[in-house]
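The values are calculated or read from the model by the stated rules, or taken from the named source; none is laboratory data. Just so we're clear, the structure is a prediction, and the values are computed from it rather than from any experiment. Neighbour counts run over all protein chains shown; Cβ positions are idealised from the backbone, glycine included. Each accessible area value is taken on the protein alone, full model and side chains, heavy atoms only, with ligands, DNA and RNA left out. Shrake-Rupley method; radii C 1.70, N 1.55, O 1.52, S 1.80 Å.
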Amino acid sequence: MRVTSKGQVTIPRDLRETFGIDANSEVIFGIEGGKITITPRHDRGRQADRERLNRFLAALDRLEGSGDQTMNADDVMALTRDR
């Protein structure tokens, strides 16, 4: 694809049909992992799932390295079962 001087690009027909993007449809542009994404606006459930996943991944990033590396799986199981 080539981007026009106005910043426009044509979405191939097979992709439009696959994702239900019709003439005059609205789309949402986003950035994921350094890549541009296009999501049909009517696909709000998918957008909500993506936002939940992003919050979950951010929480995992905050927790990274915070665990006790000296505990093995048996120690963790014993600790959680004793509560």
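Among the numbered conditions (1) under 21 Å from the mean Cα position of the chain (by Cα); (2) at pLDDT below 90, the only one that residue 56 does not meet is (2).
Is it the case that residue 68 is more than 17 Å from the chain's Cα centre (by Cα) and surrounded by 11 or more Cβ atoms within 10 Å (Cβ to Cβ)?
no
Taken over region 23-45, the residue count meeting the criterion of being modelled with pLDDT of 85 or more, more than 23 Å from residue 58 (Cβ to Cβ) and open to solvent by 80 Å² or more (accessible area, probe 1.4 Å) is 3.
Take the conditions (1) open to solvent by 100 Å² or more (accessible area, probe 1.4 Å); (2) assigned to a helix (DSSP H, G or I); residue 48 misses just one of them, which is (1).
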